[in-house]
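Trainee: Just dropping this structure here.
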Amino acid sequence: MKKFFITATGTEIGKTVVTTTLAWQAREKGKRVRVLKPVISGYDKETCNQSDTAQILQCLEIEQTQAAIDSISPWRFKAPLSPDMAAAREGTTLEFESIINFCQETENESNDLLLIEGVGGLMVPLTASKTVLDWIKALKYPVIMVAGSYLGTISHTLTTVETAQKFGLNVASIVISESEHSPVPIDETANSIRRFLTNIPVLELPRLAPSSTPWQEAPELIIKNSVT
């Protein structure tokens, strides 16, 4: 089974669009796909049909039941903050080992592809002492890094990749998800990043027209060593 952890250079960059696109495209090829977003903040029961978890269920064509939500996102918090802060607002804390165990339990399932979507950017705190980077280190999965095309993204991307590699993460690919107010064409941003990261594939995901199923409209994303 191929396994990837999807993280980003920051929040609201496009992780879920990339996650659902990869899942949809693999399923279109007849592959068995499992997708997890174990931790989600900014999750409001009144608008849960618009959440990242709901989009993942929709792309997998799974009914949005409580059991289905729990199977993908067991740790849900209302405040749109880093998980440690959002959990504190609700008088609780996250158990790092529980998150790791939850992810690893799926490794024994008979799937062709496992995608785990993180929360926020690479260095977002999960607990008082652990970050998303620690989460990836514990799992040892290759990383798909999602970046935007906004002004400043080149510095953010290079810094995030350097941090990931410093701590031994395997960055399998970078996906530039076009930002809403991109100052330059997405290919210019991608080419600039490629000049500095010659050993990492840099893919482009143009901004898609508003849709309830954007993953169906996306160009094919071919990730190194992926089943898609």
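The values are calculated or read from the model by the stated rules, or taken from the named source; none is laboratory data. These figures come from a predicted structure and were not determined experimentally. Positions of Cβ are backbone-derived with ideal geometry, glycine not excepted, and every protein chain shown enters the neighbour counts.
Trainee: Does any residue in segment 24-49 that is in contact (Cβ under 8 Å) with a residue 12 or more places away in the chain and surrounded by 18 or more Cβ atoms within 10 Å (Cβ to Cβ) come within less than 6 Å, Cβ to Cβ, of a residue that is basic (Lys, Arg) and not in a strand (DSSP E or B) six or more places away or on a different chain, and which pairs are these?
Mentor: As it stands, the answer is Val33/Arg27, since those pairs meet every condition given.
Trainee: Quick test for you: out of Ala209, Ala218, Ala147, pick the one residue that is modelled with pLDDT of 95 or more and either farther than 23 Å from Met123 by Cα or surrounded by 17 or more Cβ atoms within 10 Å (Cβ to Cβ) (or both). Explain how you work it out, then say what you get.
Mentor: Values: Ala209 fails: modelled with pLDDT of 95 or more; Ala218 fails: modelled with pLDDT of 95 or more.
Of Ala209, Ala218, Ala147, the one residue that is modelled with pLDDT of 95 or more and either farther than 23 Å from Met123 by Cα or surrounded by 17 or more Cβ atoms within 10 Å (Cβ to Cβ) (or both) is Ala147.
Trainee: Under 6 Å between Cβ atoms, which residue pairs at least 6 apart in sequence (or on different chains) link something in segment 116-129 that is buried (at least 23 other Cβ atoms within 10 Å of the Cβ) with a partner that is assigned to a strand (DSSP E or B) and not hydrophobic (A, V, I, L, M, F, W, C)?
Mentor: Matching pairs, first to second residue: Gly118/Thr7; Leu122/Thr7.
Trainee: Across segment 88-98, which residue is surrounded by the most Cβ atoms within 10 Å (Cβ to Cβ) among those that are in a helix (DSSP H, G or I) and in contact (Cβ under 8 Å) with a residue 12 or more places away in the chain? Talk me through it step by step, then tell me what you get.
Mentor: We begin by selecting, within segment 88-98, every residue in a helix (DSSP H, G or I); these are 88-89, 96-98.
Okay, now just the ones that are also in contact (Cβ under 8 Å) with a residue 12 or more places away in the chain, so 89, 96.
Numbers: Arg89: 12, Phe96: 17.
Within segment 88-98, the match that is surrounded by the most Cβ atoms within 10 Å (Cβ to Cβ) is Phe96.
Trainee: Which of the residues that make up segment 170-210 are within 29 Å of Ala138 (Cα to Cα), within 19 Å of the chain's Cα centre (by Cα), part of a loop (DSSP other than H, G, I, E, B) and not hydrophobic (A, V, I, L, M, F, W, C)?
Mentor: Result: Asn170, Pro201.
Trainee: Out of all the residues in segment 131-151, which are over 22 Å from Leu81 (Cβ atoms) and either part of a helix (DSSP H, G or I) or over 16 Å from the mean Cα position of the chain (by Cα) (or both)?
Mentor: Passing the criteria: Lys137, Ala138, Leu139, Ser149, Leu151.
Trainee: Cβ contacts < 9 Å: first residue at negative phi, restricted to segment 173-196; second residue in a strand (DSSP E or B) and small (Gly, Ala, Ser), any location; separation 6+ or different chain. Result?
Mentor: Close Cβ pairs satisfying both conditions: Ile174/Ala147; Val175/Ala147; Ile176/Ala147; Ser177/Ala8; Ser177/Ala147; Ile186/Ser177; Thr189/Ala147; Ile193/Ala147.
Trainee: Mind listing whichever residues of segment 160-206 are among the hydroxyl-bearing types (Ser, Thr, Tyr), surrounded by 13 or more Cβ atoms within 10 Å (Cβ to Cβ) and out of contact with any helix residue (DSSP H, G or I) (no Cβ under 9 Å at 6 or more places or on another chain)?
Mentor: The answer is Thr160, Ser173.
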